[in-house]
Amino acid sequence: MEKILTKEEIEALLSAVFEGSIEPAKELARTQGQVSTYDLFNSDAHRGFVPNLDIIYDGFIRYNRVNMSNRLGKMVEIKKVGARPYKFDDFLQSLPSPVCMAIYKIEPLKGAALIAVDSTFVYTVVDSILGGVGVPNIPANNRLFTPIELRLVEKIIRDALADMEKAWAPLLAVKMNLLRMEMNPRLVNIVPPEYQVVTMSLKIQIEETVGSMILAVPYMTVEPIRDKLKSGLQVDMMAVDPQWSFRLSEELKEAPLEISVEMGNSSITLAELLNLSPGDTVMLKGNGHNELLVKVGGVKKFTGVPGVRGGNKAVQISRIFQGGTRGD
């Protein structure tokens, strides 16, 4: 337990000093040798250090990579660049121009957080959603984004917030509510300027184009769950989802497979192949009463007996190969 006075204790101490019931000089002399030092500049609280928060972002990256690829119809790669704390005012000044920001609420935690994306990301998203060739036309005059561009980016942001909820789920059930989209950093005030925010920079590559996304969460928002982040996240992340195997098996049942039935085979020379003409017959080895070879995805899986069912040609499985082998 960190030996830090609460706000109420500090106020009570100051009141006692002002009222004269405590004399600082005498108290200091009486407790000489019993006072422990506290380094305000190197403490975790000062540096905005939040243990294991990067694990949550790892989960977010896994979910968002897939969803963004599906949304844009293009291959997307997301990589962490680095995490660092900022004073909120310094953070706003570090943002690129122009910038698109999404302010959102993390229920039930206090305060608001934001996602900032640069112009390269915005124009690439707009180009992809509108069916472009994949090379965005980035204006040279750093103009502000249009309402249509912001609306298209908002779709990606809402997907990201849904993925963030999934990433937070092993630690805490949260609801990410988008409050508004903003382009002017001077109109964003999720915390006072001197308060700290914990940021994570991401590099997002959409095919050949690379943009950036910055996730910023106020330290005061995650501070109440620091102990849970420190001790409980890794255990929860390793917990087995009892529904995972069921969902996986159900998805596999819907996977399309190519099935082929071989009636027979024959070997001819290249000269015979070149001399074939319409109406020629190639005789196959075997006859229609033998068992036929059934392949699934080019792999020998079954043998079957030919027949007719419902007026259609059919094969009745008669034997299963143990451990399929790929056939010629």
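For the range 144-166, a tally of residues being of a type in the set (Ser, Thr, Tyr) and buried (at least 21 other Cβ atoms within 10 Å of the Cβ) returns 0. Annotation: of all residues in the range 52-111 being on the phi > 0 side of the Ramachandran plot and in a loop (DSSP other than H, G, I, E, B), the one that is farthest from the chain's Cα centre (by Cα) is GLY111.
Quick check on my filter: what residues within the range 249-266 are in a loop (DSSP other than H, G, I, E, B) and under 26 Å from GLY307 (Cα atoms)?
First, pick out the residues of the range 249-266 that are in a loop (DSSP other than H, G, I, E, B): 254-258, 263-266.
If the condition is that a residue be in a loop (DSSP other than H, G, I, E, B) and under 26 Å from GLY307 (Cα atoms), then PRO256, LEU257, GLU258, MET263, GLY264, ASN265, SER266 are the ones that fit.
Across the range 120-143, the qualifying residues are those that are touching a residue at least 40 places away in the same chain (Cβ under 8 Å) and in a helix (DSSP H, G or I), and the one among them that is most open to solvent (accessible area, probe 1.4 Å) is ILE129. Under 9 Å by Cβ, and 6 or more places apart or on different chains, what pairs join a residue from the range 247-265 that is acidic (Asp, Glu) with one that is in a strand (DSSP E or B)? Every condition considered, the pairs that remain are GLU258/LYS295; GLU258/VAL296; GLU262/LEU292; GLU262/LEU293; GLU262/VAL294; GLU262/LYS295. Which residues, taken from the range 167-186, are at pLDDT below 90 and open to solvent by 90 Å² or more (accessible area, probe 1.4 Å)? If the condition is that a residue be at pLDDT below 90 and open to solvent by 90 Å² or more (accessible area, probe 1.4 Å), then ARG186 is the only one that fits.
Quick one: would you say ARG226 is under 24 Å from LYS105 (Cβ atoms) and at pLDDT 90 or above?
On the way: under 24 Å from LYS105 (Cβ atoms): yes; at pLDDT 90 or above: no.
For ARG226, the condition - under 24 Å from LYS105 (Cβ atoms) and at pLDDT 90 or above - is not met.
Return yes or no: is GLY211 in a loop (DSSP other than H, G, I, E, B) and on the phi < 0 side of the Ramachandran plot? No, not satisfied. Pairing each residue of the range 145-157 that is assigned to a loop (DSSP other than H, G, I, E, B) with any residue that is at pLDDT below 95 and open to solvent by 40 Å² or more (accessible area, probe 1.4 Å), provided the two are 6+ apart or on different chains, yields C-beta distances under 8 Å for PHE145/MET183. Within the set ASP89, ASP44, the sole residue that is acidic (Asp, Glu) and modelled with pLDDT under 85 turns out to be ASP44.
Results for (1) touching a Pro at 6+ places or on another chain (Cβ under 9 Å); (2) without any contact (Cβ under 8 Å) to a residue 40 or more places away in the chain; (3) surrounded by 13 or more Cβ atoms within 10 Å (Cβ to Cβ); (4) under 19 Å from PRO218 (Cβ atoms), shown as yes or no for each residue.
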{"residue": "PHE60", "(1), (2), (3), (4)": "no, no, yes, yes"}
{"residue": "TYR63", "(1), (2), (3), (4)": "no, no, yes, no"}
{"residue": "ARG71", "(1), (2), (3), (4)": "no, no, yes, no"}
{"residue": "LYS79", "(1), (2), (3), (4)": "no, no, no, no"}
{"residue": "PHE88", "(1), (2), (3), (4)": "yes, no, yes, yes"}
{"residue": "LEU92", "(1), (2), (3), (4)": "yes, no, yes, yes"}
{"residue": "SER97", "(1), (2), (3), (4)": "yes, no, no, no"}
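The values are calculated or read from the model by the stated rules, or taken from the named source; none is laboratory data. Model, not experiment: these values are computed from the prediction. FYI the Cβ positions are ideal-geometry reconstructions off the backbone, even for glycines, and counts take in every protein chain you see. All accessible areas refer to the heavy atoms of the entire protein, side chains included, with ligands and DNA or RNA removed. Shrake-Rupley method; radii C 1.70, N 1.55, O 1.52, S 1.80 Å.
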